[in-house]
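What follows is a single structure, written as structure tokens, with notes after it.
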Ligand code: SF4
Ligand code: SF4
């Protein structure tokens, strides 16, 4: 279809005074009808895109070590990441990981430009390989849809629109459930789904809200997410440099551009008339651009590097028997005849920093404690005096199993000498991998142990894997002078 419409007259506004390509001069939204340009890049992006769609759907279902491959569980304050578990005490680890990931993104952007935006971002992947293909299937190709939408409201148009929105809604419901599964897991989600909405109002409202947002994004907001909402896009200017890989038009080869017939082009090739630039000003590259920009105006923030214009222009070059690559992956330096450098100060510094950060991450992870133990005072009186004169403190042990296997443990007092302990509940205590339990205990201390209003108590936690921990906690008593 793209081939057919390539030489059609166009109404594309290429005014240099336009601020946003998605806005009309009267401030209203200009709806985009980007044509699909088949070619080598679309073929590769489609394969990758479908692979990613499967991956995005599968990650919360896939189990690694008995847990979802990726799950950010806010309720239990746990984060599962490909078999690794992070707990509230792992703030430092998570910070290191986040900084490492951010720096990696910065390095990838410095080297490969907006490859994330054009090839792997869920916004691009779902829009270009799920929603737009569905739209084409139901309402026809872009030029047909544009003509129909700009014409009178016919029954055919209304039915087509209704069917499309219904299909979008169904996909949005699936995506919203997948999104929520990243936070609660599919098993919990299925439990909630099987129960009546009245029992899970929170979930029902959240799903409705997320479905609405997903639908709004892909049915209406679309490219504006990239051009006006995405913070990553705003930071491009500081992340890219003259050696970064960009999708660019080659003005040296393309200019002076002019519309001309096949006959004129043949005459140019045979030397009968003076040769012009290779760009025949057909606007196929503009018509296919999902953000509506003209790549020939140079590098622009709205360009998501989707490569659609490369495929569109390559096709035109094939048709007019010129070499492909008038629009291509290149760098600003390469366009100016300077060799692109992969190794440059910023890429070397980022690379070194990334190695250091991920090495620190691995070290901190490897030395992370197997059990996180926290002792606190139970609610109520700080201490009680027993009839026999001994002092009782009620404490709360919070123990989390940070290992990958289940374990049991018991607690015994080590100091002060003569201290006794009674666990409220079953002992030894069982802990599944990642599980955290709170155990309340009564600690009874001989009065002689107090030389002031407090004394340090030491406890021994013996775990079934042989590990022994000996935490301390301040035990309270009466003023010994009274
Ligand atoms: S750059 Fe290529 S696709 Fe764009 S107008 Fe020129 S010839 Fe047509
Ligand atoms: S200019 Fe080309 S690469 Fe950039 S967004 Fe438009 S079609 Fe995609």
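Does segment 21-32 contain at least one residue that is out of contact with any helix residue (DSSP H, G or I) (no Cβ under 7 Å at 6 or more places or on another chain), assigned to a loop (DSSP other than H, G, I, E, B) and modelled with pLDDT of 90 or more? Before the answer, list the steps.
Initially, segment 21-32 is screened for residues out of contact with any helix residue (DSSP H, G or I) (no Cβ under 7 Å at 6 or more places or on another chain), giving 21, 23-32.
Narrowing the set further to residues that are assigned to a loop (DSSP other than H, G, I, E, B) leaves 21, 24-28, 30-32.
Next cut, modelled with pLDDT of 90 or more only: 31-32.
Yes - at least one qualifying residue is present in segment 21-32.
Tally the residues that are more than 14 Å from ligand 1 (Cβ to nearest atom) and surrounded by 18 or more Cβ atoms within 10 Å (Cβ to Cβ), restricting the search to segment 242-275.
4
Looking at segment 87-175, what helices (runs of 4 or more DSSP H) fall wholly within it and have at least 2 residues that are in contact with a strand residue (DSSP E or B) (Cβ under 7 Å, 6 or more places away or on another chain)? Spell out how you get there, then give the answer.
On the way: elements: 91-112, 122-126, 132-139, 142-150.
Output list reads 91-112.
Would you check which residues across segment 290-325 are within 8 Å of ligand 1 (Cβ to nearest atom) and closer than 19 Å to residue 112 by Cα and list them?
295, 309
Taking the condition of being more than 30 Å from residue 22 (Cα to Cα) and assigned to a loop (DSSP other than H, G, I, E, B), how many residues in segment 242-292 meet it?
First pass over segment 242-292, keeping only residues more than 30 Å from residue 22 (Cα to Cα): 261-276.
In the following step, the residues that additionally are assigned to a loop (DSSP other than H, G, I, E, B) were identified as 261, 270-276.
Summing the residues that are more than 30 Å from residue 22 (Cα to Cα) and assigned to a loop (DSSP other than H, G, I, E, B) in segment 242-292 gives 8.
Which helices (runs of 4 or more DSSP H) does segment 303-387 wholly contain that include 1 or more residues that are within 25 Å of the chain's Cα centre (by Cα) and more than 16 Å from ligand 2 (Cβ to nearest atom)? Show your work before the answer.
Working: elements: 308-319, 332-335, 345-366.
Qualifying helices (runs of 4 or more DSSP H): 345-366.
Condition check: away from ligand 1 (no atom under 16 Å from the Cβ), at pLDDT below 90 and on the phi > 0 side of the Ramachandran plot. Does residue 337 satisfy that?
Working: away from ligand 1 (no atom under 16 Å from the Cβ): yes; at pLDDT below 90: no; on the phi > 0 side of the Ramachandran plot: yes.
It is false that residue 337 is away from ligand 1 (no atom under 16 Å from the Cβ), at pLDDT below 90 and on the phi > 0 side of the Ramachandran plot.
Tell me whether segment 64-74 contains one or more residues that are part of a loop (DSSP other than H, G, I, E, B), in contact with a strand residue (DSSP E or B) (Cβ under 9 Å, 6 or more places away or on another chain) and modelled with pLDDT under 85. Steps first, please.
Filtering segment 64-74 down to residues part of a loop (DSSP other than H, G, I, E, B) leaves 65-66, 69, 74.
Then keep just the ones that are in contact with a strand residue (DSSP E or B) (Cβ under 9 Å, 6 or more places away or on another chain); that gives 65, 69.
So of that shortlist, the ones also modelled with pLDDT under 85 come out as 65.
The answer is yes; a qualifying residue exists.
Residue 216: more than 16 Å from ligand 1 (Cβ to nearest atom), in a helix (DSSP H, G or I), touching a helix residue (DSSP H, G or I) at 6+ places or on another chain (Cβ under 8 Å) and in the same structural domain as residue 23 (by TED's automatic domain parsing), yes or no? Give the derivation first.
Working: more than 16 Å from ligand 1 (Cβ to nearest atom): yes; in a helix (DSSP H, G or I): yes; touching a helix residue (DSSP H, G or I) at 6+ places or on another chain (Cβ under 8 Å): no; in the same structural domain as residue 23 (by TED's automatic domain parsing): yes.
Taking the combined requirement at face value, the residue does not satisfy it.
Looking only at segment 283-298, which residues are within 10 Å of ligand 2 (Cβ to nearest atom) and under 24 Å from residue 49 (Cβ atoms)?
Let us first name the residues in segment 283-298 that are within 10 Å of ligand 2 (Cβ to nearest atom), namely 285-297.
Passing the criteria: 285, 286, 287, 288, 289, 290, 291, 292, 293, 295.
The values are calculated or read from the model by the stated rules, or taken from the named source; none is laboratory data. Owing to the predicted nature of the structure, the values given are computational and were not obtained by experimental measurement. Because the Cβ atoms are built from the backbone with ideal geometry, glycine has one as well, and the counts that use them run over all protein chains shown.
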